[in-house]
Amino acid sequence: MKIGIVGAAGRMGRMLIAEVLGTGGCQLAGGTEQPGSDAIGQDLGVLIGADEQGLSIGDDARALFEASDAVVDFTQPEATMGHAALSGETGVALIVGTTGLEAPHMEALGRAAAKAAVVQAANMSVGVNLLLGLTEQVANALGEDYDIEIAEMHHRHKVDAPSGTALALGAAAAKGRGVDLNEVSDRGRDGETGPRKAGDIGFSVIRGGDVAGDHWVVFAGPGERVELTHKAGSREIFARGALRAALWTEGRAPGLYSMRDVLGLD
Ligand code: NAD
């Protein structure tokens, strides 16, 4: 399969180049960066310190889609909107790891999914996708006596908060409880907050260093606490998961899929 990488010079883009080069059954179709980026014109292999690949980073996303069987997107939400439109127009599969997606971005992915296989996940790791299932299960089993709090820590460069994974964990907990996360989420505590509101799902955010991504889900009840934790040791797990998703789309019918679909966890 020919894999295209948009945002190829980013932290995840570089990981993806390495992953594609090191995986059998796929080859690099090319990569793009945003217009004006210093990386444009650089060879994809040289960019990551590997052998020259004879493919340089461009800024023509349409040309990349036309040359690819699947395109992987770890960029930023506005860019993902454009890539979703191209996926819909070309029928080329799109794997979206970009976080911070709001309703208009998800609607654009929904439109693309009428014509192409689209996989979207705020976290592409196997462990976190297991954690999502466990969170839903525990929230369902424990009931409202147990306060649910979600905390996350990421590297100092991360631009959105709480992380897409923390919000997905909140959604899983809310689903387990049979409530709507939008109605119970508490995302900003500061100053005279008053006591904790029963039934809320609280979020806490820590930023610093080069942490790839830690998440905790705490169920704090009377006299006991259940904690579920996942710690990502390196960003490689996300790149590996994204490439697994890209390979999984081969011959797949159009539709909007999750990483749980890719991993067969549902
Ligand atoms: P980054 O800033 O290092 O990389 C993003 C790259 O996208 C940059 O090089 C930027 O120039 C490029 N870009 C922006 N607009 C573009 C456009 N229109 N066309 C082409 N390239 C464009 O960020 P990162 O750490 O690699 O993370 C990227 C995204 O992936 C973030 O939203 C992050 O939260 C998310 N992420 C998701 C997972 C997951 O498992 N789903 C894991 C890690 C990171």
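The values are calculated or read from the model by the stated rules, or taken from the named source; none is laboratory data. What you are looking at is a predicted structure, and each value in this text was computed from that prediction instead of being measured. For neighbour counting, all protein chains shown are included, and Cβ atoms are generated from backbone atoms with ideal geometry for every residue, glycine included. Remember, those area values only see protein heavy atoms, side chains included, never the ligands or the DNA or RNA. Shrake-Rupley method; radii C 1.70, N 1.55, O 1.52, S 1.80 Å.
Under the 0.36 nm per residue contour assumption, what length would be gained going from the current alpha-carbon distance of Asp51 and Leu21 to full extension?
Working: separation 30, 0.36 × 30 = 10.80 nm, distance 0.99 nm.
Between Asp51 and Leu21, full extension yields 9.8 nm more.
So for Thr165, Thr99, what's the accessible-area order with a 1.4 Å probe, most first?
Sorted by accessible area, descending: Thr99, Thr165.
How big is segment 134-266 by the Kirkwood estimate over distinct Cα pairs, in Å?
Mean inverse Cα-Cα distance, inverted, gives 16.4 Å.
Give me the distance in nm between label points sitting 7 Å out from Cα along the Cα-to-Cβ direction at Asn182 and Glu78, one decimal.
So the two model labels end up 2.4 nm from each other.
Under the 0.36 nm per residue contour assumption, what length would be gained going from the current alpha-carbon distance of His157 and Lys115 to full extension?
11.7 nm
Restricting to the chain, compute how many DSSP beta bridges are antiparallel as a %, nearest 5.
Counting only bridges with both partners in the chain, antiparallel ones make up about 35 percent.
Counting only GluC sites (Glu not before Pro) that are in a DSSP loop and have at most 11 other C-beta atoms within 10 Å, tell me the longest site-free stretch of the chain.
Numbers: sites that count: Glu52, Glu102, Glu192.
Maximal segment without exposed cleavage sites: 103-191.
How far is it, in nm, from the label point at Ala253 to the one at Thr193 when both lie 7 Å from their Cα along the line to the Cβ?
If labels sit at Ala253 and Thr193, their model points lie 4.5 nm apart.
Once amide H atoms are placed 1.01 Å from N in the peptide plane, what residues at a sequence separation of 5 or more from Val119, or on another chain, have their amide H within under 5 Å of its amide H?
Leu94, Ile95, Val96, Tyr257
Per residue of segment 132-137, what does 6.51 cos²θ - 1.76 cosθ + 1.60 with θ = phi - 60° give for ³J(HN,Hα)? Whole Hz please, x for Gly and Pro, Karplus curve as stated.
4, x, 5, 4, 4, 5
Can you tell me what share of the DSSP beta bridges in segment 126-232 is antiparallel? A percent to the nearest 5 is fine.
Around 60 percent antiparallel, to the nearest 5.
What is the dipole size for the chain, taken about its Cα centre, with +1 at each Lys and Arg Cβ and -1 at each Asp and Glu Cβ, in debye to the nearest 20?
The dipole of the chain has a size of about 300 debye.
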